[in-house]
Amino acid sequence: MRIHPVLLLAFAFGVAGSSAALADTTVTITTNGVDCKVPPPEEVATPATPSVPAGTAAEKNHNYALARANFRALADGGDPEGERLYGLLLMQKCTGIQDKDAAVIWLTKAVDGGNAVAQVNLGDAYMNGEGVAQDDNKAFALLSKAAAGGLPAAQISLGYLYFTGRGVPADPYQGMVWTVKAAEQGMPAALFNISHGYFKGQGLPQDTEKAAYFMEAAMQRSTIVQRNRFAENINSVSRASSTDDLRRAAERARRWSPGPGSLSDVLDDANRARARSAKN
């Protein structure tokens with residue numbers, strides 16, 4: 001097991017234009033070993049009143065042509081959120097319009113326009129080498145700014161950079177500080193990472209009981225997809241815990257509510273782990 005980076009937002013990239021050439025082509029995109037053979041969506045007329053809600057609803061329904069028409073119109077008009085969403089659409093796999101290079105251009109425009117969420121998206125792109133050469137220093141700069149602004153997705157990614165020493169000297173304590181900030185906003189991935197920290201004694205004292213508690217807190221607030229991504233962590237903690245321990249952990253976890261300072265005890269444990277590490 002390892003500390004997991006943020007459950008990254010889905011990215012989608014594609015270049016507008018050459019619709020006639022694309023219409024006769026089936027684009028094959030491979031993701032996680034699965035071939036996504038999808039025809040490029042045909043162009044649709046630009047909506048009279050393009051909007052984020054209309055584009056988001058279309059994307060949710062896999063109507064990528066309509067989503068693209070809405071987001072591209074907003075982006076062309078200089079709307080930072082439109083630029084961000086169009087960039088994400090172009091980054092996304094299995095849409096038939098993926099173009100990661102163009103996606104980064106639009107995300108950069110959104111960042112320059114002051115869109116804080118785009119900082120997270122672009123920071124993750126640099127961290128993972130999506131559409132750009134991997135650059136941990138740029139990722140750290142972008143994610144630090146977004147994390148300081150209180151965005152939990154940035155906070156957990158920043159924690160990951162501290163844990164792994166990417167773009168910054170490795171510092172498990174700071175990694176846990178930022179992970180806790182995200183967890184106090186109820187982010188399931190951050191709660192899973194705290195569970196892992198207790199289970200493996202990474203950035204925290206080894207404590208299987210607390211690992212089970214935070215695992216249950218994460219599971220109660222996560223989707224099936226998120227739980228599947230942390231299946232290895234869940235299975236390991238479950239095997240090391242008794243049925244009664246897991247039941248008690250679940251009952252305690254149901255009583256916990258996210259909020260500032262709600263996990264101050266975790267930071268106290270992280271401080272103790274740091275002090276012990278310094279002595280050794």
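The numbers here are math on the coordinates, done by the rules we state, and not lab data. Here the structure is a predicted model, which means the values were calculated and not measured. Reconstructed Cβ throughout: ideal geometry from the backbone, glycine too, with neighbour counts over all protein chains shown.
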Once both label points are put 7 Å beyond Cα along the C-beta direction, the Asp112-Glu232 separation in nm becomes 4.0 nm
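Local charge sum around Pro188 (other residues, Cβ-Cβ under 11 Å, Lys/Arg +1, Asp/Glu -1)? Could the numbers behind the result be given before it?
Working: positive: Arg221, Arg227, Arg229; negative: none.
Counting the neighbours of Pro188, the net charge comes to +3.
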Rounded to the nearest 500, the 222 nm mean residue ellipticity computed for the chain from DSSP H runs (n ≥ 4, each -39500 (n - 2.57)) alone is -19000 deg cm²/dmol
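Just rank Arg84, Arg166, fewest to most, by other beta-carbon atoms within 10 angstrom. Don't skip to the answer; put the middle values down first.
Values: Arg84 28, Arg166 16.
The order, fewest Cβ neighbours first, is Arg166, Arg84.
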The extension gain from Gln134 to Ala170, computed as 0.36 nm times the residue separation minus the Cα-Cα distance, is 11.2 nm
Region 77-116 and region 202-235 have their Cα centres apart by a whole-number Å value of 32 Å
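Looking at region 70-196 from every direction and averaging, what is the projected area of its Cα convex hull in nm²?
Values: hull surface 31.4 nm².
Computing the convex hull of the Cα atoms and averaging its projections yields 7.9 nm².
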Excluding residues fewer than 8 positions from Lys138 in its own chain, the lysines with Cα under 21 Å of it are Lys100, Lys109
Placing each pseudo-label 7 Å from Cα in the direction of the beta carbon, Arg248 and Asn61 end up separated by a distance in nanometres of 5.2 nm
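Report the charge-dipole magnitude of the chain in Debye, nearest 20, computed about the Cα centre from +1 at each Lys and Arg Cβ and -1 at each Asp and Glu Cβ. Mind showing how you got there, number by number?
Details: 28 positive and 28 negative charges, 197 e Å.
Charge dipole of the chain: 940 debye, to the nearest 20.
Given +1 on the Cβ of Lys and Arg, -1 on the Cβ of Asp and Glu, and no further charges, what dipole in debye does region 107-186 carry about its Cα centre, rounded to the nearest 20? Don't jump to the answer; show the numbers that get you there.
On the way: 5 positive and 7 negative charges, 22 e Å.
With only Lys, Arg, Asp and Glu charged at Cβ, the dipole is about 100 debye.
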Going from the fewest other Cβ atoms within 10 Å to the most, one would list Ile105, Ile156, Ile97 as Ile105, Ile97, Ile156
Note, Ile234: beta-carbon cut-off 13 Å, +1 each Lys/Arg, -1 each Asp/Glu, net +1
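Note the full-extension length gain between Ala141 and Ala54 as 0.36 nm times their separation in residues minus their Cα-Cα distance, in nm to one decimal.
28.1 nm
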Long-range amide H partners of Val38, meaning residues 5 or more apart or on another chain whose placed amide H is closer than 5 Å, are Val27, Ile29
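How would Val168, Val120 line up from fewest to most surrounding beta-carbon atoms within 10 angstrom?
Working: Val168 18, Val120 30.
Result, fewest neighbours first: Val168, Val120.
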